[in-house]
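The values are calculated or read from the model by the stated rules, or taken from the named source; none is laboratory data. Given the structure is predicted, the values throughout are model-derived calculations rather than measurements. When we count neighbours, we look across all protein chains shown, and the Cβ atoms used for this are built from the backbone with ideal geometry, even at glycine. In case anyone asks, the SASA skips ligands and DNA or RNA and just uses the protein heavy atoms, side chains included. Shrake-Rupley method; radii C 1.70, N 1.55, O 1.52, S 1.80 Å.
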Amino acid sequence: MKSGFWHKSLGIRPEDNWKKEWIAGAVSYFSVVYIVMVNATILHDAGMPLKAGMVATLLTSLVGCLLMAFGGKSPIVVVPGMGINAFFTYTLVHSMKLTWQEALTVVAITGLLFAIVAFTSLYKIISEAIPQNLQHGITVGIGLFLTFIGLQKSGIVIAHQTTFVTIGHFSDPAVIVACVTLLLALVLFIRGVQGGLLISILVGTGLAYILGAAQPVEQMQSGQTFKEYGQVFAHLSWSGLGNLVFWIAVFLLLLIVVFENIGLIASQTSMIGRPENFKGSLRALSITNIFAGIFGSSPVVAAAETTAGIAAGGRTGLSSLVSAILFGATFFFIPLLTYIPDSAIAPILIVIGGLMVQNIKEMDFEDLTEAFPAFLIMVMIPFTYSIVDGMAFGFITYPVVKLAKGKGKDVSPVLYGIAILFVANFVLHAFL
């Protein structure tokens with residue numbers, strides 16, 4: 001009976017191999033655990049305490065993997081999404097001027113709306129209403145944005161009074177560390193080394209201390225770490241509910257979260273040969289996003305690194321359960337993670353940005369009415385240092401060029417509505 005319970009709860013079939021599932025869960029974990037340091041660093045840029053960001057990331061990933069194991073019955077690892085965390089910090093907080101507490105409220109409300117979308121057929125309507133070129137343009141634009149942030153944090157690119165940006169100083173030990181870490185990360189990734197990004201971070205950290213590019217930090221006991229986390233847990237601010245900017249932020253974040261996860265989950269459930277797990281997995285992710293706001297994290301996605309676990313034989317929820325257990329064990333290492341400097345983390349942002357830019361090959365450049373709005377999204381996101389402003393240029397331009405071509409009927413009512421919202425956002429900012 002006990003064995004039958006686990007088989008049913010985790011979606012295990014007679015042909016599934018338990019040993020492979022355990023190995024796959026460990027492979028997925030080591031492939032994606034770098035997110036603990038990287039996500040916390042980005043959340044810290046929003047004003048959140050660094051160690052609290054690590055706890056929030058771990059707790060969100062732990063709960064997400066458990067929900068995926070028992071709700072989705074899939075080997076999908078759930079972690080805060082790269083790119084979406086940049087939207088949280090650099091757009092919601094820095095560009096739209098929300099406090100990080102208000103931004104967490106945006107995440108929680110987005111999770112609630114995502115749940116409504118996931119438990120109904122709305123996810124199909126929203127996904128089909130937005131042209132594929134614009135969806136891919138958002139991913140590519142965010143990839144370029146992450147790359148730019150990584151170049152800045154590493155010191156490879158610095159500010160310049162005339163040209164705005166220029167090459168950094170290669171006499172700076174931090175820049176040397178970043179370059180070596182970047183090259184190592186690329187080599188390990190191309191060679192298919194499991195946990196290559198994590199290995200790169202650890203090697204980069206060691207090199208940073210050897211070259212004097214990092215200063216020893218004051219050790220914090222685990223008790224103090226969780227006390228600091230108390231300043232973040234459930235610290236949502238509802239003061240922005242009456243603000244139009246707040247609801248524009250919710251709507252845009254919902255679009256990004258829905259687009260990211262529908263594509264990722266569809267591909268991963270197809271890889272394991274169990275497309276029937278799609279709905280359960282999408283619903284598990286939507287619920288996790290509600291918890292993400294409460295725990296103090298940016299929104300979660302079905303990690304792309306899950307493919308490493310699937311390649312190792314992961315087919316059921318047992319794999320994600322193993323990943324959850326390992327995320328739980330990582331809590332004991334939080335004090336050690338604070339020693340990792342930006343010069344060892346920034347190169348990972350550059351690598352991930354490069355991977356996201358690969359979506360450009362899925363885009364249609366033959367039709368200028370499809371290509372140019374997507375092009376504007378791709379370039380304006382990094383050049384305006386704002387995901388929402390970059391999206392605005394593309395979403396406003398799309399119906400305009402379609403109407404100019406006499407193809408106004410090709411634009412969905414939903415897209416017209418989004419364009420109007422973006423225009424309203426620009427008008428609002430002009431008068432504030």
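Residues are listed down the side, and each one gets a yes or a no for (1) open to solvent by less than 10 Å² (accessible area, probe 1.4 Å); (2) of a type in the set (Gly, Ala, Ser); (3) within 15 Å of residue 133 (Cα to Cα); (4) not in a helix (DSSP H, G or I):
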{"residue": "349", "(1), (2), (3), (4)": "yes, no, no, no"}
{"residue": "360", "(1), (2), (3), (4)": "no, no, yes, no"}
{"residue": "377", "(1), (2), (3), (4)": "yes, no, yes, no"}
{"residue": "421", "(1), (2), (3), (4)": "no, no, no, no"}
Search result, residues across the range 13-45 that are within 15 Å of residue 85 (Cα to Cα) and open to solvent by 10 Å² or more (accessible area, probe 1.4 Å): 41, 44, 45
Under 20 Å from residue 91 (Cβ atoms), polar (S, T, N, Q) and either open to solvent by 10 Å² or more (accessible area, probe 1.4 Å) or in contact (Cβ under 8 Å) with a residue 12 or more places away in the chain (or both), is that true of residue 289? yes
Within the range 47-89, residues being open to solvent by 10 Å² or more (accessible area, probe 1.4 Å) and at negative phi number 11
What do you reckon, is residue 230 over 25 Å from residue 45 (Cβ atoms) and either open to solvent by less than 70 Å² (accessible area, probe 1.4 Å) or without any contact (Cβ under 8 Å) to a residue 40 or more places away in the chain (or both)? no
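Condition check ((1) in contact with a Ser or Thr (Cβ under 8 Å, 6 or more places away or on another chain); (2) hydroxyl-bearing (Ser, Thr, Tyr); (3) part of a helix (DSSP H, G or I)) across all residues:
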| site | (1), (2), (3) |
| --- | --- |
| 267 | no, yes, yes |
| 270 | no, yes, yes |
| 301 | no, no, no |
| 308 | yes, no, yes |
Identify, by number, the condition in (1) within 15 Å of the chain's Cα centre (by Cα); (2) modelled with pLDDT under 90 that residue 388 doesn't meet. (1)
Just one listed residue, out of 309, 280, 317, 296, is crowded, with 18+ Cβ neighbours inside 10 Å, small (Gly, Ala, Ser) and in contact with a His (Cβ under 8 Å, 6 or more places away or on another chain), and it is 296
Can you find even one residue in the range 155-163 that is of a type in the set (Gly, Ala, Ser) and part of a loop (DSSP other than H, G, I, E, B)? yes
I'd like to check something: does the range 97-120 contain any residue that is more than 17 Å from the chain's Cα centre (by Cα), without any contact (Cβ under 8 Å) to a residue 12 or more places away in the chain, under 27 Å from residue 371 (Cα atoms) and open to solvent by 10 Å² or more (accessible area, probe 1.4 Å)? no
Return the pair list, or none, for Cβ contacts closer than 6 Å from residues in the range 148-173 that are at pLDDT 90 or above to residues that are loosely packed, with under 11 Cβ neighbours inside 10 Å, at least 6 apart or on different chains. 166/160; 173/212
Selected residue (criterion: nearest to residue 244 (Cα to Cα)) from residues of the range 121-135 that are open to solvent by 30 Å² or more (accessible area, probe 1.4 Å) and of a type in the set (A, V, I, L, M): 126
The conditions are (1) surrounded by 15 or more Cβ atoms within 10 Å (Cβ to Cβ); (2) at pLDDT below 90, and residue 184 fails exactly one of them. Which is it? (2)
Every listed condition ((1) modelled with pLDDT under 90; (2) of a type outside the set (Lys, Arg); (3) open to solvent by 10 Å² or more (accessible area, probe 1.4 Å)) holds for residue 138 save (3)
